[in-house]
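Just below is one structure, and these are the notes that go with it.
The values are calculated or read from the model by the stated rules, or taken from the named source; none is laboratory data. No experiment lies behind these values; they were computed from the predicted model shown. FYI the Cβ positions are ideal-geometry reconstructions off the backbone, even for glycines, and counts take in every protein chain you see. With ligands, DNA and RNA removed, areas are computed over all heavy atoms of the protein, side chains included. Shrake-Rupley method; radii C 1.70, N 1.55, O 1.52, S 1.80 Å.
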Amino acid sequence: MRNDVNCRVAALRLWMRQKGIDAFIFPSTDPHNGEYVPDHWKGREWISGFDGSAGTAVVTAEKAALWTDSRYFIAAEEKLRGTPFVLMRERIAGTPSVAQWLADVLGTGSHRVGLDGMVWAAASAEALRQELRPLGDFSLVTGHDPLEEIWTDRPPIPQHPIVVHPVAYAGETVSSKLERVREAIRALHADAILVTALDDIAWTLNLRGTDVHCNPVFVAYLLVTQENAVLFTDPEKITPEVSNHLREAGVATDGYEQVGTVLASLTKERILLDPMVVNQRLFGTPASEVVASPSPIPAMKSVKNEVEISGYRNAMERDGVAMVKFLCWLEKAIKRGGESEVSIDRKLTALRAEQKGFRGLSFDTIAGYGAHGAIVHYEATEESDIPLQPEGLLLLDSGAQYVDGTTDITRTIALGPLSDYQRKVYTLVLKGHIRLQMLKFPEGACGSQLDAIARSPLWEEGLNFLHGTGHGVGSYLNVHEGPHQIRMEWKPAPLYAGMTVTDEPGIYIEGEFGVRIENTLLITPYRTTAFGSFLQFEPLTLCPIDTTPIITELLSDEERAWLNAYHQTVADRLSPHLEGEELEWLRKATKGIGGCHSSLEAGAGGGAGAGADD
């Protein structure tokens, strides 16, 4: 792979010399600003060899660098070793931005910086232009995609069939959604909207696909005017059932490549384009007035209707059954030996596949044992795979797509004896996890205002994590969904009843171990007073939290009560679907904890999630 990367960079540099371009920048996105992208648009991965979900690669005539965030520092350092790329650690003091690095590397004089305008959001391209302006004489060249020439075995744009997502699961008809979209854009003084985010298109049209790994979406654009709607996609993707479904909703179809031509023909309609999502090339295409504004669809999509909420609860029960069967199996498997990170991933996936409505994973499983648990988005491969031992911690972050809901759960599991420090870190992370779920907060508060609640027990001990605390989750859609988030950085999107969001604090001790505990939550009404409406969290995830690592006296009475109540709910909901040894395992794993454990008693024994005895 490293030799491949060196050859690819050399081919790019030759292309750059021919085009008179001094630097080229590869983001991680596609023409739809997706987080997870089809192989056709994985240009940053192809040129650098780094396969994490977030990163930016930059190549000049003599140097190359890759920027990524703290989730991938360890993995990226290994992937880039032996290549021309130097790792740039984002949000770490002393790390230059892409613009600052370009100014330093290229020096004085006029410089042409290339980027493919089809895979850059308009706002991102403009932000880069503005940052470069005071740093020197830079111009952006956005009309070229070098990969069309140098990526000789480039995968094609996917052409998998689209399927209908029945209203029995969606809870709202396409016609109703389109009318809400039209009403929303009228309020923004627009006559039309171009929808480019794939999950927004899938949600609006009650359609799903398999074009993107782990995300049930399909490659397309959607144009909605006050009178019409047009889906731009490869005609081979449209089955007779989908054709009838769209016709009934008044949605026409056209080829995927025709979207630019149709946009250019709009001469009278004021069209809403979200500069944070719509790519730079299409943003500059319409001949009519552009209303630059956030799309109203993500906010609509984020508030689940009653049918979707019911679907989540049903999917979480089935997912919880699979998790309990897995954890019961794991406890015995660790004693037998012979299991590894890869093998347990396969086992868990197979157990989920047995559940009704399973459609695949919602993301690649993160099974990190020991030091691998400290790599935030570690994904075990045949090369990195290590055997599990009856000691230490296993961090298991996983999820599934079901036809009625999407799941995302992390459990950190004691496979045997732990150190006092491991138990302390585990307990502190659990405290943060519980404190957030116990929180009551005013309607309309944003996730950034809640974030410190989950971090406070960690901050008190001088610990912190650099990823977000929570993200929205789609309804049989993308596992990462906005606009709301819970994180340190300012994200002003308000929180409302009906939204789903994760709660996943964690601590990662490089070279030693990692701890993360995650539930998917539903925001529900709490109470209304003279001071307004207040909200609370309901855990949707149904799976025991390992109690064996807990130093019980570090939990408050309220935190212990919450954990015991949660485990009672898990037992009540999952017990009817289990029997035999798996039912007995669940009974032990959800047994209540009291306040009488000493630190040594809390850490005694262990083993794949078994419940602690009073």
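What the table below lists for this structure:
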{"item": "Surface share of carbon and sulfur [accessible, 1.4 angstrom probe, percent] for the chain", "result": "51"}
{"item": "Those GluC sites (Glu not before Pro) in segment 503-586 that DSSP places in a loop and that have at most 14 other beta carbons within 10 Å", "result": "Glu510, Glu579"}
{"item": "Phi to ³J(HN,Hα) by Karplus 6.51 cos²θ - 1.76 cosθ + 1.60 over segment 282-293, Hz, x for Gly, Pro", "result": "6, 4, x, 7, x, 7, 8, 5, 9, 9, 7, 7"}
{"item": "Translational diffusion of segment 436-565, µm² s⁻¹ [Kirkwood Rh, Cα pairs; Stokes-Einstein; 4 °C; 1.567 mPa s]", "result": "82"}
{"item": "Cα pair distances exceeding 20 angstrom across segment 104-201, given as percent", "result": "64"}
{"item": "Cα-based helix-to-principal-axis angle, 580-589 vs the chain, degrees rounded to 10", "result": "90"}
{"item": "When the chain is reduced to its Cα atoms, the Kirkwood hydrodynamic radius in Å", "result": "25.7"}
{"item": "With eigenvalues of the C-alpha gyration tensor scaled by 5 and rooted, segment 318-464, Å", "result": "28, 22, 13"}
{"item": "Mean separation of Cα contacts under 8 Å (6+ apart) over length of segment 401-484, as relative contact order %", "result": "41"}
{"item": "Solvent exposure of segment 356-452 as accessible area per residue, Å², 1.4 Å probe", "result": "31"}
{"item": "Net charge dipole size for segment 282-342 [Lys, Arg +1 and Asp, Glu -1 on Cβ; Debye, nearest 20]", "result": "340"}
{"item": "Long pairs among Lys42/Lys63; Lys335/Lys588; Lys19/Lys79; Lys356/Lys440; Lys301/Lys588; Lys237/Lys491, criterion Cα-Cα beyond 27 Å", "result": "Lys19/Lys79; Lys356/Lys440; Lys301/Lys588; Lys237/Lys491"}
{"item": "Environment charge at Pro483 (Cβ cut-off 15 Å; Lys +1, Arg +1, Asp -1, Glu -1)", "result": "-2"}
{"item": "The chain - charge dipole about Cα centre, Lys and Arg +1 at Cβ, Asp and Glu -1, debye rounded to 20", "result": "540"}
{"item": "Met488 long-range amide H proximity, modeled H, under 5 Å", "result": "Thr469"}
{"item": "DSSP beta bridges in the chain [antiparallel fraction, %, rounded to 5]", "result": "75"}
{"item": "Cβ crowding within 10 Å averaged over residues, with 122-130, 357-365 ranked highest first", "result": "357-365, 122-130"}
{"item": "Extension gain from His577 to Ala350, taking 0.36 nm per residue of separation minus the Cα-Cα distance", "result": "80.0 nm"}
{"item": "Dmax and Rg, reported as Rg then Dmax, of segment 62-144 (C-alpha, Å)", "result": "13.8, 36"}
{"item": "Gain upon complete extension [Glu391, Glu489; 0.36 nm per residue less C-alpha separation]", "result": "31.7 nm"}
{"item": "Gap separating the Cα centres of segment 391-459 and segment 139-164, nearest whole Å", "result": "38"}
{"item": "Hits among aspartates and glutamates - C-alpha to C-alpha of Lys177 under 13 Å, sequence gap 8 or more where chains match", "result": "Asp200"}
